[in-house]
């Protein structure tokens, strides 16, 4: 994903996980109670679905094959996958999808898509997991395992979700689960570069009824979209040798003044406000001269589209004023502009959508803790954003517990991926519907 969110602390594991059969009674009671303060539930999840023979067999498959799933997770994580260089990972995912008999295609940007056709009469649900990681080619991706913890760059974001997705596909196939609606599994590319793969996929494929991004830590479900604007602000002058530089315009002063004034801005804080950061400053090649060109980068984020655009215009004016005062040229290079989905108040009706309510109930059923009153939040920085801003009911769900993503010390709690995988399977069956049960009407 393209934003670093604090993940829940990984639970201490004793290596003992209760069998599903012994937990069903408690899970039924928990799933039957609506989220606090939300009124009657619109959830399409019924705990009895887990007792259907084909679903019970699919869940048992996940239990008995979980060690293989973790091995595959490690194998995926150790394949280089920097954005725009996902080809080897994509080939593995495509091969495994084909082995389950799915219709698999790879588009021109590199997304791998597998369709599992339903019997008819149900909605089309897309499950998306991104292939790419942020780490440069050549980074050591060797995975170390210590107790319940896996450590390696990219082990959490997002190798875990790819392994979870493949495990769900195999479980559905082995147990011969038939859904009413189509299930579409998409391994996207270039998520870390601004959700490019998902954006491309939605522009070149029929509009799905719902979109589920498998990305993030286990915890609240995200049903919103944090707008993200990335820009480079360039400053340019004629330059000069230090000896003759007195009094001449320098982009250093313009850049410094602009950044200082930007950091005086104090917008309301997230979750409904905004946050910004100057992440890079580049320019100059020698000690003894005014640099001819410098630039800084701006990462601006907000779920509020009005606030986001207002701050964007304000930053432009600050840069323009600083350049004019120093007598240097400036230009803006827009790297990405991913729109904002809206604040919690703006997305009130989406919070009540069956997709969100169903996801909450399934999380509870498999034993994933959700904070009471904050079971779902109106934000997100995943492939689901591309659905949210298009008006497609979309959420993102977690893959395991973990943290330190986008760093060399990234880690993941591997036992928690089993609950996450079961959650995806039950969510797919509940949303797409099973013959003889009711599916969500889009």
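The values are calculated or read from the model by the stated rules, or taken from the named source; none is laboratory data. Here the structure is a predicted model, which means the values were calculated and not measured. Neighbour counts run over all protein chains shown; Cβ positions are idealised from the backbone, glycine included.
A few comments on the model shown:
- Filter result for residue 332 (in contact with a helix residue (DSSP H, G or I) (Cβ under 8 Å, 6 or more places away or on another chain) and not assigned by TED's automatic domain parsing to the domain that holds residue 248): no
- Where strands (runs of 3 or more DSSP E) fall wholly inside segment 265-360, the ranges with 3 or more residues that are surrounded by fewer than 17 Cβ atoms within 10 Å (Cβ to Cβ) are 281-283, 329-338.
- Inter-residue pairs, beta-carbon under 7 Å, first farther than 16 Å from residue 432 by Cβ and in segment 45-56, second modelled with pLDDT of 95 or more and assigned to a helix (DSSP H, G or I), 6+ apart: 47/365; 56/50
- Tallying residues that are over 19 Å from residue 374 (Cβ atoms), assigned to a loop (DSSP other than H, G, I, E, B) and within 13 Å of the chain's Cα centre (by Cα) within segment 193-227 yields 2.
- Taken over segment 110-131, residues that are surrounded by fewer than 19 Cβ atoms within 10 Å (Cβ to Cβ) and touching a strand residue (DSSP E or B) at 6+ places or on another chain (Cβ under 9 Å) amount to 2.
- Among the candidates 261, 207, residue that is surrounded by fewer than 17 Cβ atoms within 10 Å (Cβ to Cβ) and in the same structural domain as residue 390 (by TED's automatic domain parsing): 207
- Elements of type strands (runs of 3 or more DSSP E) in segment 106-186, at least 2 residues being assigned by TED's automatic domain parsing to the domain that holds residue 69, out of contact with any helix residue (DSSP H, G or I) (no Cβ under 6 Å at 6 or more places or on another chain) and under 16 Å from residue 404 (Cβ atoms): 144-146, 149-151
- Yes/no for residue 218 being assigned by TED's automatic domain parsing to the domain that holds residue 192, in contact with a helix residue (DSSP H, G or I) (Cβ under 9 Å, 6 or more places away or on another chain), under 30 Å from residue 390 (Cα atoms) and surrounded by 14 or more Cβ atoms within 10 Å (Cβ to Cβ): yes
- Counting residues in segment 58-71 that are under 20 Å from residue 174 (Cβ atoms) and modelled with pLDDT under 95 gives zero.
- Within segment 407-429, if we keep just the residues that are part of a loop (DSSP other than H, G, I, E, B) and out of contact with any helix residue (DSSP H, G or I) (no Cβ under 7 Å at 6 or more places or on another chain), the residue that is nearest to residue 305 (Cα to Cα) turns out to be 407.
- Every residue from segment 411-442 that is closer than 18 Å to residue 133 by Cβ and surrounded by 24 or more Cβ atoms within 10 Å (Cβ to Cβ): 412, 414, 417
- Unmet requirement for residue 88, which otherwise passes all of (1) touching a residue at least 24 places away in the same chain (Cβ under 8 Å); (2) over 28 Å from residue 180 (Cα atoms): (1)
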